[in-house]
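The values are calculated or read from the model by the stated rules, or taken from the named source; none is laboratory data. It should be emphasised that the depicted structure is a prediction, and the values quoted were computed from it without experimental measurement. Reconstructed Cβ throughout: ideal geometry from the backbone, glycine too, with neighbour counts over all protein chains shown. Side chains are part of the model used for accessible areas, which takes the heavy atoms of the whole protein and leaves out ligands, DNA and RNA. Shrake-Rupley method; radii C 1.70, N 1.55, O 1.52, S 1.80 Å.
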Amino acid sequence: MTTGPFDLTGKVAIVTGGNGGIGLGMARGLAEAGADIAVVGRNEAKSNAAAAELKQCGIRAISVIADVTGKTAVADMVGRTVRELGRIDILVNNAGINIRKPPHALDLDEWDSVIRTNLTSAFLCSQAVHPAMKAAGGGKIINIGSMMSIFGASFAPAYAASKGGIVQFTRSCAVAWAADNIQANAVLPGWIDTDLTRRARREIDGLHDKVLGRTPAARWGAIADFAGIAVFLASSASDFVTGTAIPVDGGFSVMG
Ligand code: NDP
């Protein structure tokens with residue numbers, strides 16, 4: 001059980017893409033700190049399994065099947081969360097995809113799909129939770145960026161644009177909603193062992209060794225590495241922290 005500034009008892013969190021990978025790592029941290037969780041994803045079996053697992057922490061968890069690129073689906077997601085869990089205090093905008101192609105090979109549909117999933121969804125979800133957060137007297141928005149919020153990526157132009165954009169969107173929400181006692185921050189993961197990067201490792205020759213060589217911690221990140229930052233940014237411990245972009249990367253971004 002968590003007490004003091006990290007205690008989330010009585011709080012309600014929406015975690016998009018909370019059914020696996022980094023989102024599930026964050027949802028586990030929030031649940032262990034006492035928050036009730038709405039797990040959001042498109043895959044019903046995965047989402048139901050994640051919600052069932054999170055309930056083992058003694059909190060309430062619901063599985064919400066939604067494609068967060070759609071305004072109506074997002075409104076339904078927020079409506080159901082408020083109806084079933086009573087309020088919204090925390091939003092983790094984590095849903096994300098990548099399409100690995102250089103800029104000259106990426107077509108418009110691919111560009112749109114990455115931007116909609118990684119960036120537009122954060123806008124839709126943040127806008128949709130704003131009234132509920134205001135009504136609750138404040139809130140916490142945690143957006144997931146990437147090392148590609150900082151560095152260019154020859155093989156991921158839309159992904160890098162979406163992840164650069166999400167940092168600026170985070171700053172804008174932080175400034176706009178400070179008066180509503182809403183703090184918005186971004187987390188920039190380094191290379192983390194998830195389905196997303198398992199596929200990349202299969203597709204990109206030498207990626208595994210490159211990541212180990214370039215990461216001072218000399219390992220891939222684990223989804224458990226995201227529990228602490230999620231709890232910090234979701235709790236009163238971070239009430240004077242807003243508009244930041246915090247790397248959780250084993251030192252990748254400071255490696256010379
Ligand atoms: P995963 O592929 O494991 O997880 C992605 C999650 O997003 C899944 O839960 C998926 O659920 C959900 N999702 C994707 N599209 C949608 C959609 N349209 N609507 C609702 N949910 C959606 O990847 P990661 O855990 O690695 O990635 C999570 C976030 O972290 C992403 O934003 C990614 O860009 C970022 N990141 C990851 C890094 C890494 O090294 N792994 C590094 C830097 C950033 P479902 O399939 O059910 O829809």
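Among the residues that make up segment 43-66, is at least one of them within 14 Å of the chain's Cα centre (by Cα), within 11 Å of the ligand (Cβ to nearest atom) and under 25 Å from residue 113 (Cβ atoms)? Lay out the reasoning, then the answer.
Kept after step one, since they are within 14 Å of the chain's Cα centre (by Cα), are these residues of segment 43-66: none.
No, segment 43-66 contains no residue that is within 14 Å of the chain's Cα centre (by Cα), within 11 Å of the ligand (Cβ to nearest atom) and under 25 Å from residue 113 (Cβ atoms).
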Hits in segment 153-191 (condition: in a loop (DSSP other than H, G, I, E, B) and either hydrophobic (A, V, I, L, M, F, W, C) or at pLDDT 95 or above (or both)):
153, 155, 156, 177, 181, 190, 191
Can you name every residue in segment 192-220 that is within 12 Å of the ligand (Cβ to nearest atom), in a loop (DSSP other than H, G, I, E, B) and open to solvent by 50 Å² or more (accessible area, probe 1.4 Å)?
193
Result of the Cβ filter at 6 Å on segment 1-22, keeping first residues that are touching a residue at least 12 places away in the same chain (Cβ under 8 Å) and closer than 24 Å to residue 122 by Cβ and partners that are more than 16 Å from the ligand (Cβ to nearest atom) and in a helix (DSSP H, G or I), at least 6 apart or interchain, is 12/85
Only one of (1) more than 11 Å from the ligand (Cβ to nearest atom); (2) in contact with a Cys (Cβ under 9 Å, 6 or more places away or on another chain) fails for residue 143. Which number is that?
(1)
Selected residue [assigned to a helix (DSSP H, G or I) and open to solvent by less than 10 Å² (accessible area, probe 1.4 Å)] from 29, 18:
29
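Would you confirm whether or not segment 226-239 contains a residue that is at pLDDT 95 or above, within 11 Å of the ligand (Cβ to nearest atom) and not hydroxyl-bearing (Ser, Thr, Tyr)?
Quick first cut of segment 226-239, residues at pLDDT 95 or above only: 226-239.
Next, from what is left, pick out any that are within 11 Å of the ligand (Cβ to nearest atom): 226.
Filter again for not hydroxyl-bearing (Ser, Thr, Tyr), leaving 226.
Yes - at least one qualifying residue is present in segment 226-239.
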Complete set of residues in segment 224-233 that are among the aliphatic types (A, V, I, L, M) and under 12 Å from the mean Cα position of the chain (by Cα):
227, 229, 230, 233
Selected residue (criterion: nearest to residue 24 (Cα to Cα)) from residues of segment 46-85 that are open to solvent by 30 Å² or more (accessible area, probe 1.4 Å) and either in contact with a Lys or Arg (Cβ under 9 Å, 6 or more places away or on another chain) or of a type in the set (Ser, Thr, Tyr) (or both):
53
Could you run through segment 166-191 and say how many residues are away from the ligand (no atom under 16 Å from the Cβ), open to solvent by 10 Å² or more (accessible area, probe 1.4 Å) and among the aliphatic types (A, V, I, L, M)?
4
